[in-house]
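Below: one structure, written as structure tokens.
The values are calculated or read from the model by the stated rules, or taken from the named source; none is laboratory data. Treat the numbers as computed from the prediction; the structure is a model and nothing was measured. Glycine also receives a Cβ, built like all others from the backbone with ideal geometry; neighbour counts cover every protein chain displayed.
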Amino acid sequence: MLRLSLLVIVFIVALKQVTSDAPQKVIVTIYYESLCPDSKRFILNQLEPSIHTLENYITLEFVPFGKARSINQGHNGFQCQHGPEECAGNMVQSCALDLMQERNDLEKVLYVTCEMMTEAGTTNNMKCVKRAGLRAYDVRSCISSGIGTSLQLQAEQATNQIRPRFIPTVTINGVFDQQIQDSAMVDLYGTLCSVLGEVPPCVNFNGGATEYAFI
């Protein structure tokens, strides 16, 4: 009995040690537009390659809205920087990502990458939605039921809180920093490693990104 009690105590201590040693994830939020060339370039060339290595250390949030604006609180739709097709693409992504809430970040990135590469959602093409394992019917229902409009209004509110001057914009733990923004656009991996510190994927990273600290 004493031996069993000792084993339980050892297990609890070990569990606490593992928990305390686990790296705290940083929240990376991407503000972007479905037809924005700069958004496409960033997601394909910076975000998608980085997530494969750093997915265990970051939590991603996507805000597909950018420089759009709602008309009459969304009752008359939205006006988007690159036209109505972009508004359609933004809403498709909002709906799909909402349906993917329980999925891991890598799956979400692969879905968004598909949309940005093919521009499928901007023409109401659901091939990226299907490729992500979602039902086209569910995404279309989200759009037609008004849920999509609500999601876009939430995206508008989130975007307006940081008032981005450039799209895409990246924030870390909800904080916008111009240095991080500039660095992330050309070297997202290095920027995230500077924030994360010496986590295994970053230990031997010799990038020139500045070190940043967030509380």
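Things to note:
- Hits in the stretch 158-189 (condition: touching a residue at least 60 places away in the same chain (Cβ under 8 Å), hydrophobic (A, V, I, L, M, F, W, C) and either touching a His at 6+ places or on another chain (Cβ under 9 Å) or in a strand (DSSP E or B) (or both)): VAL170, ILE172
- Helices (runs of 4 or more DSSP H) enclosed by the stretch 84-145 - at least 3 residues per element that are at pLDDT below 95, within 18 Å of GLU48 (Cβ to Cβ) and in contact with a Cys (Cβ under 9 Å, 6 or more places away or on another chain): none
- Just so you know, in the stretch 13-62 the residues that are assigned to a loop (DSSP other than H, G, I, E, B) and crowded, with 16+ Cβ neighbours inside 10 Å include one that is modelled with the lowest pLDDT, and it is LYS25.
- Residues of the stretch 111-126 satisfying the condition of being surrounded by fewer than 16 Cβ atoms within 10 Å (Cβ to Cβ) and touching a residue at least 12 places away in the same chain (Cβ under 8 Å): MET117, THR123, ASN124
- Number of the condition not met by PRO200 [criteria: (1) in contact with a helix residue (DSSP H, G or I) (Cβ under 8 Å, 6 or more places away or on another chain); (2) free of Cβ contacts under 8 Å to residues at least 12 places away in the same chain]: (1)
- Of residues in the stretch 50-91 being among the acidic types (Asp, Glu) and within 15 Å of the chain's Cα centre (by Cα), the one farthest from CYS202 (Cα to Cα): GLU61
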